[in-house]
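> Shown below is the structure under consideration.
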Amino acid sequence: MKKENLITLLNNYRKQQKCIIGFNVNDIYDLKAVALAADEANCPVMAMTYPPVVELNSSYLCRKMVDGIQPFSKNPIYLHLDHSISVDMCKKAIDDGYDSVMIDGSQKSLKENIAMTKEVVKYAETAAGVMVEAEIGKIMGRNVVVKSDDDFLASVADVKAMVEEAGPHIMAVGIGTAHGFTPQTPKIHFDRLSEIATAIKEPLVLHGGTGIPDIDIQKSIKMGVAKLNVGTIVHTTYMKELYKEMAKDIDSAYPPYLLKSVIPKIKEVVLDRLNVVNFKSKALI
Ligand code: 13P
């Protein structure tokens, strides 16, 4: 199996209007489901760890977890640190061999966001080939504070300043998506996506993959989005299915037996998302 450098892969993906999915994983079991789905879809994937997963297990152990599963998979699984607000956590993940890190300074001033990103990009250069993702604008939901109706929207000038001054390899942009299940379908600002895609050549990242309609995902890919993040649908499927299995007979609940039934359910939702970005069974446009 050829594991191409991730920065090269995503630059090519943007040119070819293709997209990789980063799935937020929590342990070996949802990672296994992601690996099985990627093999069925026959495409590379990214396994992304949120900071709480790294805090609980260490970036070293997360790296070993992916290393351990890779030989069983015929497609590359790239390891990414997702939404780290800490420069030090990014540096540690780079030291521990992550393929990619996201430094999220979106809640800071533009100046601070650029400075943090610059520091991580510089550090990543010492480990040739590590990809750095930055964010401009805000992905709504969870604890993200949005001060006005369009405070989330990435400014084209800010995106350009970030790319020119800090040099991240890929750019997450706030264009109306939100993390998690949303009461209303998110309204994606395609006009802004188009302006950003014209202004910079770097691959764009769309966060909040759980709630974005399939057709909007595919439209975004055509416009320069080369990485889609999907998290909530993975961990809620994991937790709900596990709960259902446990409820059948809690006194004899034995993890490997329960997970044997749960992993295929997680795999199903992961494969469904992969089919959307790969324009397979779900091609809409
Ligand atoms: P969802 O939880 O909405 O799928 O978004 C995940 C994400 O964007 C992680 O960065």
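The values are calculated or read from the model by the stated rules, or taken from the named source; none is laboratory data. Predicted, not measured: the structure shown is a model, and the values here were computed from it. Glycine also receives a Cβ, built like all others from the backbone with ideal geometry; neighbour counts cover every protein chain displayed. Heavy atoms of the whole protein, side chains included, go into the accessibility calculation; ligands, DNA and RNA do not. Shrake-Rupley method; radii C 1.70, N 1.55, O 1.52, S 1.80 Å.
> Scan (1) out of contact with any helix residue (DSSP H, G or I) (no Cβ under 8 Å at 6 or more places or on another chain); (2) not in a loop (DSSP other than H, G, I, E, B) for the single condition A124 breaks and write down its number.
(1)
> If you go through the range 182-236 one residue at a time, how many are acidic (D, E) and more than 20 Å from F279 (Cα to Cα)? Working first, answer last.
Filtering the range 182-236 for residues acidic (D, E) gives 191, 195, 202, 214, 216.
Then keep just the ones that are more than 20 Å from F279 (Cα to Cα); that gives 191, 195, 202.
Residues that pass the stated criteria total 3.
> Something else about it: Please go through the range 241-283 and pick out each residue that is loosely packed, with under 13 Cβ neighbours inside 10 Å and farther than 30 Å from L10 by Cα.
Y243, A247, K248, D249, I250, D251, S252, Y254, P255, P256, Y257, K260
> While we're looking at this one, here's another question. If I filter the range 85-102 for residues that are hydrophobic (A, V, I, L, M, F, W, C), touching a Phe, Trp or Tyr at 6+ places or on another chain (Cβ under 7 Å), open to solvent by 40 Å² or more (accessible area, probe 1.4 Å) and not in a helix (DSSP H, G or I), do I get at least one hit?
no
> Right, another one. Quick one: in the range 177-206, which of the residues that are touching a strand residue (DSSP E or B) at 6+ places or on another chain (Cβ under 7 Å) and more than 16 Å from the ligand (Cβ to nearest atom) is farthest from G231 (Cα to Cα)?
Only one residue fits best here, namely I200.
> Then there is this: Which count do you get for residues in the range 208-247 that are closer than 20 Å to K267 by Cα, of a type in the set (A, V, I, L, M) and away from the ligand (no atom under 14 Å from the Cβ)? I'd like the intermediate steps shown before the answer.
Start the filter on the range 208-247 by keeping residues that are closer than 20 Å to K267 by Cα, which leaves 208-214, 217, 227-246.
Checking the rest, the ones that are also of a type in the set (A, V, I, L, M) come to 212, 217, 228, 230, 233-234, 239, 242, 246.
Next, from what is left, pick out any that are away from the ligand (no atom under 14 Å from the Cβ): 242, 246.
Residues meeting the conditions: 2.
> Among the residues of the range 103-120, write down those that are under 26 Å from G209 (Cα atoms), over 18 Å from the mean Cα position of the chain (by Cα), open to solvent by 10 Å² or more (accessible area, probe 1.4 Å) and not β-branched (V, I, T).
Result: Q107, K108, S109, L110, M116.
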